[in-house]
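Notes for the one structure printed next.
Each value in this text was obtained by applying a stated rule to the coordinates, not by laboratory testing. Since the model is a prediction, treat every value here as computed from it, not as a measurement. Virtual Cβ from ideal backbone geometry, glycine too; neighbours counted across all protein chains shown.
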Amino acid sequence: MSNRSLSLGLLAAFAVLIGIVAGMVVLRPATVQIQSGTLLQQPRPIADFSLNGSDGKPFTKADLAGHWSVIYVGYTHCPDVCPTTLAQLKAVEKGLGADAAKVRFIFLSIDPERDTPETLGQYTHYFSPDFLAVTGPNAQLDTLGANLGFVYAKVPGETPQSYLMDHSSALILVDPKAGLAGYLTPPFKTESLVSDLKQVIGKPS
C-alpha cells in the first residue's frame with residue numbers, strides 16, 4: 001500500500017472516530033450536580049407495591065409514572081420534624097412556580113395504626129391541597145422501605161397510643177419512569193431544594 005493510500009485511510013478512520021465521539025457528546029445526558037443530596041448515576045427499579053391513598057383509592061407504582069415525585073416518610077403524630085419539613089416543602093412548591101406542576105410531593109406515613117386515609121388527607125392538605133398522602137400495611141411498608149432505602153421503628157410511649165416513630169429523614173426522589181433517582185438529605189434549605197429540583201426536572205430522564 002502506498003504512503004498516500006495509507007494516509008487517506010488513516011484520515012478516513014480518524015474522521016469516523018471524530019464523528020462517533022461527537023455523537024457521544026451530543027447524545028450523552030448532561031451531568032446534573034445538586035447541592036441538597038445525591039443523584040444515582042443510573043435510576044434503580046422500584047418493585048410493584050400497593051398502598052392506600054388519602055383519597056381512599058389504591059396507590060401503586062403506576063401512580064409514580066409520568067412526573068417527578070418527592071417522597072417524605074413520616075407520620076401525623078410527629079411532634080416537630082415532620083410538620084417542619086412539610087411546611088418547608090410547601091415553600092419549595094411555591095418556589096418552583098410553574099414547574100411545581102411537574103412534581104408530586106408525597107407524604108408516606110409509616111404509622112398505619114393511627115394514620116387513617118381521612119387523617120392523612122386532613123393533615124397534608126393543611127400544608128398544601130396538592131400534597132398526596134399514602135400509607136399501607138406494615139408488610140408493604142417494610143418491602144417498600146427495603147426497595148426505596150428508608151427505615152422506621154416504633155418507640156413505645158407511656159401509653160399504648162402515645163408511641164413515637166423513628167424514621168429516615170431524607171427526601172426520596174423518583175423519576176418519571178418510576179425509578180429511584182436519588183435522595184435529598186437534611187439539613188434542608190428551601191432555596192437549594194428549589195434550585196436542585198429545577199435542575200433535575202430539566203434533565204433527560
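Placing a pseudo-label 7 Å from each Cα along the Cα-to-Cβ vector at GLN122 and SER169 gives an inter-label distance of 2.8 nm.
Look at where the Cα atoms of segment 96-156 and of segment 55-88 average out, and the two centres are 3 Å apart. Stretched out straight at 0.36 nm per residue, the stretch from SER195 to THR38 would grow longer than its current Cα-Cα span by 55.1 nm. With a cut-off of 10 Å between beta carbons, the residues surrounding GLY95 carry a summed charge of 0, where Lys and Arg count +1 and Asp and Glu -1.
Spin-label model, THR159 to VAL81: label points 7 Å out along the Cα-to-beta-carbon direction sit 2.5 nm apart. Rg of the Cα atoms in segment 58-186, relative to 2.2 N^0.38 Å, amounts to 1.02. Filter the cross-link list LYS94/LYS177; LYS90/LYS189; LYS57/LYS177; LYS61/LYS154; LYS90/LYS198; LYS154/LYS189 down to pairs whose alpha-carbon distance in this structure exceeds 19 Å. Cα-Cα > 19 Å for LYS94/LYS177; LYS57/LYS177; LYS61/LYS154; LYS154/LYS189; rest within. Each Lys and Arg adds +1 at its Cβ and each Asp and Glu adds -1 at its Cβ; summed about the Cα centre, segment 52-98 shows a dipole of about 80 debye.
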